[in-house]
2 protein chains.
Amino acid sequence: MTRNVCLRNPQPIHDTLELVGGKWKMVILATLLERGDLRFGELQRAVGDITPRILSHELKQLEENKMITRRVYDTSPITVEYGITAYGRTLETVIVALFEWGVTHRQTIMHENAAETPEAGVKASSPFD
Amino acid sequence: MTRNVCLRNPQPIHDTLELVGGKWKMVILATLLERGDLRFGELQRAVGDITPRILSHELKQLEENKMITRRVYDTSPITVEYGITAYGRTLETVIVALFEWGVTHRQTIMHENAAETPEAGVKASSPFD
DNA sequence: CAGGATCCCATAAGATACTG
DNA sequence: CAGTATCTTATGGGATCCTG
């Protein structure tokens with residue numbers, strides 16, 4: 001799996017995080033990757049707890065870095081569609097890895113809690129709400 | 001590659017980033033993954049431009065989350081060795097993905113620069129310094 | 001050597017209200 | 001609908017110096 005990759009120099013990791021680090025960018029890209037093109041409002045609801053200000057800000061940066069496209073439609077009121085680019089898609093491996101680890105981690109935590117406090121844990125939050 | 005994974009709910013990505021997000025944690029884990037156990041000073045040099053204060057801070061959080069171990073040796077002066085745990089190792093997929101994307105991205109950027117400004121680009125910075 | 005103490009700052013991120 | 005404008009806050013991150 002690791003093939004011939006040698007990560008003795010961690011600089012590339014730093015580079016990646018500079019582009020798509022932070023709390024929201026990966027989540028936004030994952031959403032566009034899974035659901036296809038979305039309008040601003042749809043995206044906001046899909047991502048969850050993000051304010052328009054922050055969403056707008058993140059989208060601009062992602063667009064600057066060619067990760068997403070922004071298309072304006074002259075309807076009334078106007079609509080705007082965001083979509084992931086081919087280049088953005090190259091992050092799929094990263095995004096899926098982050099996602100899968102998060103899922104497994106949740107299960108791990110749940111089992112720990114279940115072992116420590118048998119009554120709680122299950123009712124705390126459903127596996128995938 | 002994506003298998004049966006469905007990331008319509010991006011929450012797990014958020015979870016992962018809460019644990020190992022930020023500028024340094026992934027880099028630290030990658031370093032320990034590649035080079036094995038390291039002492040504080042070695043780690044600082046390996047990671048690069050991190051101050052002791054921040055490194056200490058990050059290490060504590062990683063230890064709290066069972067990602068790394070901390071072993072104190074009663075030499076004089078004392079030495080401390082940090083190592084990645086089995087659980088930390090489960091992040092290898094994520095770390096390698098981040099790393100590989102960073103490497104590819106660098107090459108992409110380089111080629112762009114080379115195309116736009118033929119003279120520059122190459123001399124700007126060596127591929128992997 | 002492995003950090004802690006202190007002070008400091010830039011910026012990520014959020015709340016709220018408003019507009020073409 | 002798709003954002004902007006303002007204001008505010010939290011904190012991630014850093015510089016510098018110090019110590020067991």
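All of the numbers you see were taken from the coordinates with simple rules; none came from a lab. Owing to the predicted nature of the structure, the values given are computational and were not obtained by experimental measurement. Heads up, the Cβs are rebuilt from the backbone with ideal geometry, glycines too, and the neighbour counts pull from every protein chain shown.
Can you tell me which residues in segment B:58-80 are of a type in the set (A, V, I, L, M) and away from DNA strand D (no atom under 13 Å from the Cβ)?
Step one: of segment B:58-80, the residues of a type in the set (A, V, I, L, M) are B:59, B:62, B:67-68, B:72, B:78, B:80.
Result: B:67, B:68.
Condition first: basic (Lys, Arg) and either away from chain A (no Cβ under 11 Å) or within 13 Å of residue A:90 (Cα to Cα) (or both). Now tell me which residues in segment B:79-111 satisfy that. It would help to see each step written out before you state the result.
If we filter segment B:79-111 for residues that are basic (Lys, Arg), which is where we start, we get B:89, B:106.
Once the filter is applied, which keeps residues that are basic (Lys, Arg) and either away from chain A (no Cβ under 11 Å) or within 13 Å of residue A:90 (Cα to Cα) (or both), segment B:79-111 yields only B:89.
Can you name the condition, by its number, that residue B:87 falls short on among (1) surrounded by fewer than 17 Cβ atoms within 10 Å (Cβ to Cβ); (2) in contact (Cβ under 8 Å) with a residue 24 or more places away in the chain?
With respect to (1) surrounded by fewer than 17 Cβ atoms within 10 Å (Cβ to Cβ); (2) in contact (Cβ under 8 Å) with a residue 24 or more places away in the chain, residue B:87 is out only on (2).
Taking helices (runs of 4 or more DSSP H) that do not extend beyond segment B:1-78, which have at least 2 residues that are within 21 Å of residue A:25 (Cα to Cα) and at the interface with another protein chain (Cβ under 10 Å from one of its Cβ atoms)?
Working: elements: B:11-20, B:25-35, B:40-47, B:52-64.
Output list reads B:11-20, B:25-35.
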